[in-house]
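Below is one structure, written out as structure tokens; the observations come after it.
The values are calculated or read from the model by the stated rules, or taken from the named source; none is laboratory data. Everything quoted here is computed from the prediction, not taken from an experiment. Cβ: placed from backbone, ideal geometry, glycine included. Neighbour counts: every protein chain shown. For accessibility, only protein heavy atoms count, side chains too; no ligands or nucleic acids. Shrake-Rupley method; radii C 1.70, N 1.55, O 1.52, S 1.80 Å.
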Amino acid sequence: LATVSSTETSGAVAPPSSASTRDTSTQSPPRVRDKKKEEQLEETISGFFSGGALTVTKTVVKYPLDSASVRLQMPGTTYSTSNLPELFSGSYRGILAPLLSNIPAGAVFFAVKDAAKSVLKEQGMPKWMSTMLAVLAAQGPYWVIRNPSEVIKTRQQAGVEGYGEGVAISDAFKLVTHNEGGKGLGELYSGYWENIIYAYPADVIKFLCYESLSGGRKNLPPAQGAVYGAAATAVAQLITTPLDVVRNRIMAGEEQAVKGGDSESGSEPSLSAAPSASYVNKLITLAREEGLEGLFAGATPRIGKALLSGAIQFATYEETKQAINRFLEEKFGGT
């Protein structure tokens with residue numbers, strides 16, 4: 001007892017043993033690593049479900065404007081913004097195929113993007129660079145899933161012969177795979193690389209603008225996310241309109257004239273005369289032959305579509321992601 005008392009009154013504290021030091025140093029890093037893994041998994045899961053949820057709403061709401069944009073971009077088109085009833089007639093034609101494919105495609109895109117961004121940020125990478133690389137990583141698998149339905153959708157929207165009103169999805173797929181010069185299933189992936197070349201800068205601009213407007217904050221109120229998302233998406237879509245014109249013409253089958261086109265009179269553009277030309281060459285040809293009017297064909301409905309889809313995308317994304325995170329925290333946060 002005397003020994004204990006003298007120790008207490010002297011205030012001397014024994015240094016921690018080397019064993020206890022080793023225990024702390026060996027236990028903390030695994031705990032930190034486990035926490036990071038949990039956060040990355042959470043980002044993947046919440047991104048997957050939020051991506052799927054926003055795709056349904058966005059596809060249904062923006063589809064008529066998407067149809068109008070595609071119709072205005074086709075070579076030889078007689079569609080015009082001065083005749084809106086004709087421009088929007090049958091504008092939901094072909095929606096089932098993209099609706100069915102865009103749900104898993106959107107889920108995969110945001111799952112890959114959010115997971116990749118989380119990992120890259122842990123490596124100390126600047127936010128803008130992690131966003132660019134994460135979006136790039138998500139593009140490949142996204143278009144593998146979406147491209148076949150995008151080809152069908154574009155041809156039905158443009159009114160390409162054989163893909164008009166009343167044609168079932170199954171018949172449209174058969175038409176693509178059996179009547180396209182022996183290309184078979186490969187025809188479903190026409191425009192695959194053009195889609196990535198278009199979508200990558202569009203998505204990078206969109207997400208960088210959104211992060212700039214939001215200050216990089218997470219868990220924004222959905223209404224605030226909608227405003228920032230609408231503005232960011234409109235800017236991105238306007239800038240990338242020329243890329244969209246080229247890729248839509250490729251997917252529609254450039255040798256096909258749309259409603260009102262007169263292939264017999266020689267009005268087909270030389271874009272279709274050189275289907276093997278590079279994307280850049282096609283852009284140059286488009287600029288040379290049709291000028292700014294051709295490069296920015298369909299820009300008005302594209303901006304309208306962007307305002308709607310951007311607001312829906314980011315509001316739904318923020319709300320769903322927060323709800324999924326709360327659910328995961330309630331179920332597994334205490335373990």
Legend entry - Too-long pairs where the Cα-Cα distance tops 24 Å, listed order kept, from 113/282; 117/206; 127/321: 113/282
Inset, instruction - Take each of the peptides 110-119, 129-138, average the number of other beta-carbon atoms within 10 Å over its residues, and list them starting from the highest. - result: 110-119, 129-138
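So if I take the alpha carbon set of the stretch 201-240, get Rg, then get Rh from the Kirkwood formula, what is the Rg over Rh ratio?
Numbers: Rg = 9.7 Å, Rh = 9.9 Å.
Radius of gyration over Kirkwood radius for the stretch 201-240 works out to 0.97.
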Inset, instruction - Can you work out the accessible area per residue across the stretch 293-335, with the rest of the protein chains kept in place, probe 1.4 Å, in square angstrom? - result: 50 Å²
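Leaving out ligands and nucleic acids, and using a 1.4 Å probe, what accessible area per residue does the stretch 164-253 come to in Å²?
Here the per-residue accessible area is 44 Å².
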Inset, instruction - Could you sort 215-227, 149-161, 56-68 so that the peptide with the highest average Cβ count within 10 Å comes first and the rest follow in order? - result: 149-161, 56-68, 215-227
Legend entry - Neighbourhood charge, 9 Å Cβ-Cβ cut-off, centred on residue 66 and excluding it, Lys, Arg +1 and Asp, Glu -1: +4
Inset, instruction - For the stretch 46-134, give the magnitude of the charge dipole about the Cα centre (Cβ charges: +1 Lys/Arg, -1 Asp/Glu; no others), in debye to the nearest 20. - result: 140 debye
Legend entry - Residue-count net charge about residue 308 - beta-carbon cut-off 12 Å; Lys, Arg +1, Asp, Glu -1: +3
Legend entry - Simple Cβ-charge dipole of the stretch 66-196, Lys/Arg +1 and Asp/Glu -1, about Cα centre, in debye nearest 20: 380 debye
Legend entry - Peptide ranges 243-253, 303-313 listed from the most packed, as the mean C-beta count within 10 angstrom indicates: 243-253, 303-313
Legend entry - Equivalent ellipsoid dimensions for the stretch 30-173 as semi-axes, Å, which come from the Cα gyration tensor, largest first: 38, 15, 12
Inset, instruction - For the stretch 97-151, give the percent of accessible area contributed by carbon and sulfur heavy atoms, probe 1.4 Å, rounded to a whole number. - result: 74 percent
